[in-house]
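Chemist: This is the structure, below, for whatever I ask next.
Read-outs throughout are calculated quantities, based only on the coordinates presented, and are distinct from any laboratory measurement. Every value quoted in this text rests on a predicted model; they were computed, and no experiment measured them. As a convention, Cβ positions derive from the backbone with ideal geometry for all residues, glycine included, and neighbour counts pool all protein chains shown.
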Amino acid sequence: PESNYLNELNHRIAKKIFNENNSIFLEDKRGPYDTHTRAEIVEESKLLPLTIAGLKGYYSAENSISDFGNGNGVSEWKDLSDNNNHLVQTETREQPEYNANSGSVLFKKASDDRDNMDFTTSLNLAEFTTFFVLDFTIADSFQHRILTGENSGQIGLNFNANNSGQVKVIANDGSDSISSNLVFSAGEIAENEKIMLTCRKQPFDSDEGFGQVEWYLNKTSLGTNNSYDENILQNINKLGLFNAGVGFKGHMYEMAIYDRALTDSEKERSQDYFIDRTSISV
């Protein structure tokens, strides 16, 4: 009886080991062809901008402002990319504040609030794609210079008295200036409404004589403009501007900057990502 018991026990152990090894072998063989999403890929997809080539900086109030309490001045907004191009501000009166209620960085504009932040490393871009998830706390007759650089360069928009306006790209190399404007109608871009703005600039084409600039509100095109007709680099060294009358005023939730014009597929995937991540109503 003891021999029979030991034989049966050995058989069960051998069968268990075989099944376990066979399962591991089959999983290894199936891996390259398995279309099921693995846990680590799901986790990575939460930060889609990090997976698209050309990223120069990604800033999320959700992921990189956790060290600041509600209403505290933000002295550093960390870049989530590997570039470590953080946004910094050492002057207390120029620091935006963390707004925990909305999960954003709030930029204020008044005589004592001239909020802006400096990039650790300035960017000089021949082409680019930018994504901004934001809302404007003032619209009527205000110049929102979101990204700014040397010689009054900017990527931003101006509101007119009736809340119509223009989305703008202006570059200046110190001797020549170039601008691209697209008009939006009254109420199309509203105050106190969370939106996503995408700006994509194609590289300058000497044969065609321009570098096309495109703007999108959420996923809807605001139009294209071909008047960027000089080969001038876009300089970026600030988010906002030290000025009470102009500069970004509002909540910034997410921002990503690329040093190339993303493909339509990349652009649309990114827009879907930001819309879903920040719960924008479209």
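Chemist: Subtract the Cα-Cα distance of residue 207 and residue 230 from 0.36 nm times their separation in residues, and report this length gain in nm to one decimal.
Modeler: Using 0.36 nm per residue and subtracting the Cα-Cα distance, I get 7.1 nm.
Chemist: Work out the FRET efficiency for residue 47 and residue 152 from their Cβ-Cβ distance, taking R0 = 22 Å, and round it to the nearest 0.05.
Modeler: Working: r = 33 Å, r/R0 = 1.51.
The pair residue 47/residue 152 has a calculated efficiency of 0.10.
Chemist: Classify the stretch 238-282 as rounded, prolate or oblate, taking a ≥ b ≥ c as the square roots of the eigenvalues of its Cα gyration tensor: rounded when a/c is under 1.5, otherwise prolate if a/b is larger than b/c and oblate if not. Numbers along the way, then the final one.
Modeler: Numbers: a/c = 3.50, a/b = 1.60, b/c = 2.18.
Since a/c reaches 1.5 but b/c is at least a/b, the shape of the stretch 238-282 is classed as oblate.
Chemist: According to a simple spin-label model (label point 7 Å from Cα along Cα-to-Cβ), what is the distance in nm between residue 276 and residue 190?
Modeler: Using points 7 Å along Cα→Cβ, the separation is 2.5 nm.
Chemist: Share of Cα-Cα pairs in the stretch 160-282 beyond 24 Å, in percent?
Modeler: Of all Cα-Cα distances in the stretch 160-282, 33 percent exceed 24 Å.
Chemist: Once you place label points 7 Å from the Cα toward the Cβ at residue 140 and residue 220, how far apart are they in nm?
Modeler: 2.3
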